[in-house]
Amino acid sequence: MADSRITIKDLAERLNLSVSTISRALSNHPSISAKTTQEVWNLASQLGYFPNNVASNLRKQKTNMIGVIVPRIDIYFHSRVISGIEDVAYKKGYNVTIYQSMDSFEREVAITRILRTNMVAGVIACLSMETISCDHFDEFNHFKVPLVLYDRVGEVPSASKVIIDDLQAAYKATDYLIKTGCNRIAHIAGCQTTGIFQSRFEGYQLALSRNGLPYNPALVCQAEDLTFEEGARCARKLMKLTERPDGLFCANDYTAIGAIQTIKKMNLNVPKDVAVAGFSNYPVATIIEPSLTTIDDRAFDMGKAAIKLLIRQIEERNAFIDSETIVIKTDLIVRDSTRKS
């Protein structure tokens, strides 16, 4: 089937003008009269013409498209990061295309190949849960495409990074549980091949150590995907211990909420019998009863910081810019799930 797309050449033939005149008119160039410009735009609108941005980008060797790779859009944290990215990108004249890796290494690699062939101006990415080797990101540096990683950042020396101090945030939450009177604190941990969850586990252990409490591996339950269901599973396991915990720090809010629901079904009181703290400050943390004490990881601010850093690197492409790391401050939000009094 023949291509029915209207081109600048078609407009030129209809109006008996040169292709260059049509092109300048569509760019509202001052060298073209207002009358001619209006005629060109009227015909373009009537025929359904729209610019071929890909061809234009090829000619200019420039694009305003930014590729963003997220593990999953349905995770509130990543949707807030995207909102932060788009808030800044739109104001700066950049378009954003979102890709989901679905926490698959294979899919992440395929997406990086797509982005390399689509002439994106820059890339923002969060690594999948399966990603250990980051070699596939090295190609962006080779082709001088700026890359900013956020949250799960891995080892990519050429990339800039926007992160939080997961260890310090986890320490803060666990230390607070101890300050409320808990002395047997359990932890629902994330996948330990992923740096952020390793750091949260280390922060939990550090808080125990600095407060003179022993580390007991029986009080740690691993949750690979950190879902509500895994939170419930871990809570059942931990609450059946002969010496059950009186505090619980969870690597995210989903597992914390699953744990709270299960603890209540076991006729235990939160926080009187078990105080619970989560991580990320999802909206559901304010809806659950009791409301959840958690770490606010300020995902929207992380997205804004990532896109500002990326745009600076795009627009200062001819200047030498070292990769840099931005650490976003976190806050402990205290709610009813830890208020024993």
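Below, the figures for the structure above:
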| read-out | value |
| --- | --- |
| In degrees, nearest ten, helix 228-239 long axis to first principal axis of the chain (Cα) | 10 |
| Shape box of region 8-51 [Cα atoms, principal axes, largest first, Å] | 24, 17, 17 |
| Angle in degrees between helix 253-265 and the longest Cα principal axis of the chain, rounded to the nearest 10 | 40 |
| 20 Å-binned pair-distance histogram of the chain (Cα, whole percent) | 28, 42, 21, 9, 0 |
| Proximal aspartates and glutamates to K179, defined as alpha-carbon separation beneath 17 angstrom and excluding residues fewer than eight positions away on the same chain | D246, D273, D331, D336 |
| C-alpha long axis of helix 166-179 to longest principal axis of the chain, angle in ° | 30 |
| For the chain, size of Cβ-based charge dipole, Lys and Arg +1, Asp and Glu -1, in debye | 600 |
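Every read-out reported here was derived from the displayed coordinates using simple, explicitly stated rules and does not represent laboratory data. Note that the coordinates shown come from a computational prediction; the quantities given were computed from them, not determined experimentally. Heads up, the Cβs are rebuilt from the backbone with ideal geometry, glycines too, and the neighbour counts pull from every protein chain shown.
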